[in-house]
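**Q** Sharing a structure below in structure tokens format, with a few things to ask.
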Amino acid sequence: MKAQSNEKRCPKHLLTIGLKEVLTKVSNSQLVAIFLDYDGTLSPIPRRVTKLERPLSETSRNIIYELSKQNKVRIFIISGRSVESLKRLVGIDSIHYIGVHGHIIRGPDIEYTHNALEGFKSVINDIRGRIIETLSKVEGVVIEDKGVALSIHYRGVDRYRSREILEQVLRISSE
């Protein structure tokens, strides 16, 4: 299977609108906030779970970077991923990153962590250990540790075992 070029991985809506058109549309605004979801919007959702770390295409990165240089534009990249993962994949320091579904926000002028996360750390650590112990040996399961959350990817598991995996996760989480 041939790897996609960066150009083909750039979302069509970013290529068809064009940077000049976006800049023209925002030129009469006092302040513009642009919120972009990473997985499925800026980067295609990978078919194989082993390809979770898919960097932003160079074309998309350039468009977002050019927009971020405008004084009246603020860019926010949103994801269920960790902020560290987003920063690594996008690679632009001058924008804002919203990770773990809004629980952590980092940017040039903000450093925010929802205070509820502190109370869950020990619970999450306990669940993390039991999930890893139970599921790490199951072929096709990928456990993505986000620090304050876990994602259990099981689309690589035989479809007949999917329900079993889900039941194990629910059982462990509710104990």
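**Q** Find the relative contact order for the chain and round it to a whole percent, using C-alpha pairs within less than 8 Å whose residues are 6+ positions apart.
**A** Taking the mean separation of contacting Cα pairs over the length of the chain, I get 15 percent.
**Q** Still on this structure, please answer the following. Report the residue, chosen from SER122, SER85, SER60, that carries the largest GNM mean-square fluctuation when the chain is represented by alpha-carbon nodes joined by springs under 10 Å.
**A** Fluctuation is largest for SER122.
**Q** Classify the chain: rounded, prolate or oblate, from the alpha-carbon gyration tensor (a ≥ b ≥ c, eigenvalue square roots; a/c under 1.5 rounded; otherwise prolate if a/b is larger than b/c)?
**A** Since a/c reaches 1.5 but b/c is at least a/b, the shape of the chain is classed as oblate.
**Q** Right, another one. Which of the trypsin sites (Lys or Arg not before Pro) across the stretch 69-140 are loop residues per DSSP, with 15 or fewer other Cβ within 10 Å?
**A** LYS69, LYS72, LYS137
**Q** Can you give me the distance in nm between label points at PHE120 and ASP93, each placed 7 Å from the Cα along the Cα-to-Cβ direction?
**A** Reported label-point gap for PHE120 and ASP93 is 3.1 nm.
**Q** Around ILE110, what is the net charge, scoring Lys/Arg as +1 and Asp/Glu as -1 over all other residues with Cβ under 15 Å from its Cβ?
**A** Here the count lands on 0.
**Q** At 222 nm, what helix-only mean residue ellipticity would the chain give, in deg cm²/dmol to the nearest 500, using -39500 (n - 2.57) for each DSSP H run of four or more?
**A** The per-residue figure over the chain is -11500 deg cm²/dmol.
**Q** Tilt of helix 162-174 relative to the longest C-alpha principal axis of the chain, in degrees (0 to 90, nearest 10)?
**A** 90
**Q** At what distance in angstrom do the alpha carbon centres of the stretch 25-89 and the stretch 148-174 lie from each other?
**A** 29
**Q** Could you list which residues have their amide H under 5 Å from that of SER82, counting only those 5 or more apart in sequence or on another chain, with H placed in the peptide plane?
**A** VAL100
Computed from the coordinates by the stated procedures, all read-outs in this text should not be read as laboratory data. These numbers come from a predicted model, not from an experiment. Methodologically, a virtual Cβ is constructed for each residue, glycine included, from the backbone with ideal geometry; neighbour enumeration extends over all protein chains shown.
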